[in-house]
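What follows is one structure encoded as structure tokens, with my remarks underneath.
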Amino acid sequence: MFSKSFQMDGTRPFIASSPTNGKETVEENWLSKDPYDDHYGDVHYYNYMTDCWNWTSYPKPRLASEYGFQSWPSFSTIHKVSVPEDWSYSSNFSSHRQHHESGNEQMMFQAALHYKMPVNKDPMKQFHDTLYLTQSMEASGKCFIITPEISLPRQQ
């Protein structure tokens, strides 16, 4: 793939995979012996059952390009691709949209660690509040990961 890509356009960088071990991947003939080695390139880290606000639970790689927690999009996005009967966290739409097994439950678990979960008799308000909490949980989690990285040395 690299040679064909380079023939077509030699001006652009080529990345063999994501995550990648960078130059190490090239030296290993484009097939990394350990694609998750945090000494080279970037890493992806997924740990859905650890508190995503606990920055000490995350590895300290050269570059973490992906973290394993998620949130729901805003209602202004969801309503464009759904109908009112879909607007519930337990709807078929919500289950079908989630491609990660137990992903919805894991988002609720993470949010419940730090927030009072919404309980509202109005199902629409309940859905809006739940969407917002998942977004707040994910955004806060990313802040807790990135902020210590700015001032702490990388672990060897």
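FYI, it's all coordinate maths here, none of it is from the lab. What you see is a predicted model, and the numbers here were worked out from it, not measured in a lab. A quick note on method: Cβ atoms are made from the backbone with ideal geometry, for glycine too, and the neighbour counts reach across all protein chains shown.
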- Task: Please report the base-10 log of the normalised intensity I(q)/I(0) for the chain, using a Debye sum with one equal scatterer per alpha carbon and no solvent, at each q in 0.13 (1/Å).
- Result: -0.78
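Among the listed pairs Lys4/Lys142; Lys80/Lys116; Lys80/Lys121, which are separated by more than 32 Å between their Cα atoms? Display every interim value, and only then the final one.
On the way: Lys4/Lys142 37 Å; Lys80/Lys116 28 Å; Lys80/Lys121 24 Å.
Checking Cα-Cα distances, Lys4/Lys142 exceed 32 Å.
Test of understanding: given the chain, find the longest segment containing no GluC sites (Glu not before Pro) that are in a DSSP loop and have at most 15 other Cβ atoms within 10 Å.
Working: sites that count: Glu28, Glu101.
Counting at most 15 other Cβ atoms within 10 Å as exposed, the longest clean stretch of the chain is 29-100.
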- Could you state the angle between the C-alpha long axis of helix 123-151 and the longest principal axis of the C-alpha atoms of the chain, as a value from 0 to 90 degrees rounded to the nearest 10? 30 degrees
- Rounded to the nearest 0.05, FRET efficiency between Phe14 and Lys125 (Cβ-Cβ, R0 30 Å) equals 0.05
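Would you calculate a helix-derived [θ] at 222 nm for the chain, using -39,500 (n - 2.57) for each DSSP H run of n ≥ 4 and dividing by the full residue count, to the nearest 500?
On the way: 6 runs with 63 residues, N = 156.
Computed mean residue ellipticity for the chain: -12000 deg cm²/dmol.
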- Query: When only Cα pairs under 8 Å and 6 or more residues apart are kept, what is the percent relative contact order across the chain?
  - Reply: 22 percent
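May I ask you to sort Arg12, Arg97 by Cβ crowding, counting other Cβ atoms within 10 Å and putting the fewest first?
On the way: Arg12 9, Arg97 16.
The order, fewest Cβ neighbours first, is Arg12, Arg97.
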- Taking other Cβ within 10 Å of each residue's Cβ, how do Met1, Met124, Met137, Met108 sort, fewest first? Met1, Met124, Met108, Met137
- Of Val26, Val81, how do they rank once you tally other Cβ atoms within 10 Å and put the fewest first? Val81, Val26
- Stokes-Einstein D in µm²/s, Kirkwood radius over Cα pairs - the range 59-112 at 25 °C with 0.890 mPa s viscosity: 189 µm²/s
- Rg/Rh for the range 33-82, where both radii come from Cα atoms and Rh is the Kirkwood radius: 1.15
